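To keep things clear, I will list the structure first and then write my remarks on it.
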Amino acid sequence: MVLWSHFQTLPVLWLVVTLAVFLVASWFNVRMGKTPFLHPVLVSLAIIILVLLATNTDYDTYMLGGQYIHLLLGPAVVALAIPLYDNLATVKRLLVPLLVGCVSGAIVASVSAIMLGMWFGLSDQLLLTLAPKSVTSPIAIAIAEKVGGFPSLAAGLVLITGAMGCVIAPVVYKLLKIEDESVKGFVLGVGAHAMGTAFAFEYGMVAGAFGGLAMGMTGAFTAFFLPVLIPIIGL
């Protein structure tokens, strides 16, 4: 027990555990046909939670090693600018439709979630947690903290929203006969944030670039308009 207490506080232990779990989850996702409902992030999250509970390890101890992976989040997001720069001419040409799509998508995502929650009789705090479900996790957590929601629950709702968006998007493309990569990517970025952007790269680099653009635009706009919207609807 004393030996485990020593190893438990070693940052390298949880760094290795996180990487190993993600590799296993990625392999499992491929074997299951790459279904978004078994996305490596979701599977890894579930496994790591079980490991922490089984070993009686608190979150702060885990983050001694997890922080090194967390630090890579910023560079990973910035790296999305590279394929976007390669398609700068297309972005300029479609700037107005992109802005309209981003604004309308962000508003519909937040308002529809709040209205549906009201219909089910959820508390105000849960409604405030639901509102930022369609933006990437770091922004959703920050918004939830600012408006009075549950940050941890908001992060979970973001993952569920991303998985559902990745499942529904291909069906919508077929029904509407959408073939343009830029449209596919932008739709995934608006509706399914980071998970959707990662999924968009399966359609091509152009789709991934527009997914990253949509994710950033939607997150930024939601961060500004949601705190203004909430007092208007009386929450």
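Just from its helices, what would the mean residue ellipticity at 222 nm be for the chain, if runs of 4 or more DSSP H residues each count -39500 (n - 2.57) and the sum is divided by every residue, rounded to the nearest 500 deg cm²/dmol?
Value at 222 nm, helices only, nearest 500: -26500 deg cm²/dmol.
How large, in percent, is the carbon and sulfur part of the accessible surface of the chain at a probe radius of 1.4 Å? Walk me through the numbers before you get to the answer.
Values: 9860 of 13060 Å².
Here carbon and sulfur together make up 76 percent of the probe-accessible area.
If you stretched the chain out fully between LYS146 and VAL111, how much longer would it get, using 0.36 nm times the residue separation minus the C-alpha to C-alpha distance?
Computed gain between LYS146 and VAL111 is 10.8 nm.
How far, in degrees from 0 to 90, does helix 95-119 lean away from the longest principal axis of the Cα atoms of the chain, to the nearest 10?
Here the helix axis deviates by roughly 60 degrees.
Put LYS177, LYS34, LYS133 in order of accessible area, largest first, 1.4 Å probe: what do you get? If you can, show how the numbers build up before the last one.
Working: LYS177 165, LYS34 100, LYS133 45 Å².
Largest accessible area first, the list is LYS177, LYS34, LYS133.
Angle, helix 59-70 long axis vs. longest principal axis of the chain, Cα atoms, 0 to 90°, nearest 10?
For 59-70 against the chain, the angle is about 50 degrees.
Whole number in Å², please: accessible area per residue of the chain, 1.4 Å probe, ligands, DNA and RNA not counted.
56 Å²
Cross-link candidates for LYS177: which aspartates and glutamates have Cα within less than 19 Å, leaving aside residues fewer than 8 places away along the same chain?
GLU202
Nearest 10 degrees is fine. How inclined is helix 11-31 to the longest principal axis of the chain, computing both from alpha carbons?
50 degrees
Between LEU176 and PHE120, what length in nm is gained on full extension when 0.36 nm per residue of separation is reduced by their alpha carbon distance?
Length gained between LEU176 and PHE120: 17.1 nm.
The values are calculated or read from the model by the stated rules, or taken from the named source; none is laboratory data. Worth saying up front: this structure is predicted, and the values here are computed from it rather than measured. Ligands, DNA and RNA are excluded from the accessible area calculation, which covers all protein heavy atoms including side chains. Shrake-Rupley method; radii C 1.70, N 1.55, O 1.52, S 1.80 Å.
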